[in-house]
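One structure is given below, encoded as structure tokens.
The values are calculated or read from the model by the stated rules, or taken from the named source; none is laboratory data. The structure presented is a predicted model; accordingly, all values stated were derived computationally and were not measured. Virtual Cβ from ideal backbone geometry, glycine too; neighbours counted across all protein chains shown. Ligands, DNA and RNA are stripped out before the accessible areas are found, and what is left, the full protein with its side chains, is counted by its heavy atoms. Shrake-Rupley method; radii C 1.70, N 1.55, O 1.52, S 1.80 Å.
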Amino acid sequence: MRVYVPLTLSGLAEAHKRGELGTAPMTAYGVTPGLREWYVSDDIEELEYAALSRAAAASLRLVAGDPGVARRRVVVALDVRDQDATADPDRSLDSGSVGEVRISVAVPLAEAAAVHVDADDAIGDVTAAADALGAADQGDDDAQFTVDGAEDHELLWYGVQEIPNLVD
């Protein structure tokens, strides 16, 4: 199963230093039955893009929760065995956890397929979105518009061998 792990740039730097993506269990996003139902699509590329987008939104939450990290969303894509990524069927009804899976094993960073990171031109919108996230969660439409502005930026694709350049 292809999964998408939300991180921050400092989280990616730590994973690079350790050589491991994190300790199990880790939260990631993938094409789950709940995500298929939510997006009503059979196109696997669309569904994987939706899972990547869910992970990018989770990365924004990580950025918002730590004022000291770089204001860029980071998502690591990797393949895990199906039995190592499980979705909680009870949480699939919660729109905030659509596509969420738990990875039950530690994953060497070298096994990652790719890294997706915001471009420099997204930093302003990601910063504004991180600042507005709390108000958006409380139903503020203007704040939600600001959060959506970060989602307008496509994450750039990087090979795993490019991680050292991203975290330096």
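What to note about this one:
- GNM result for the chain, Cα springs below 10 Å: residue of GLU45, GLU14, GLU100 fluctuating most strongly: GLU45
- Gyration tensor verdict on the chain (Cα atoms; rounded if a/c is under 1.5, prolate if a/b is larger than b/c, oblate otherwise): oblate
- Taking the accessible area of the chain, probe 1.4 Å, and keeping the other protein chains in place, the carbon and sulfur fraction comes to 49%.
- Residue (of GLN144, ALA112, TYR158) at the positive-pole extreme of the range 99-168, dipole from beta-carbon charges: ALA112
- Secondary-structure-derived ellipticity at 222 nm for the chain, considering helices only, amounts to -12500 deg cm²/dmol, per-run term -39500 (n - 2.57) for DSSP H runs with n ≥ 4.
- Size of charge dipole - the range 18-168 - debye, nearest 20, with Cβ of Lys, Arg +1 and Asp, Glu -1, no other charges: 620
- By a 1.4 Å probe calculation restricted to protein chains, ASP148 has an accessible surface near 60 Å², given to the nearest 10.
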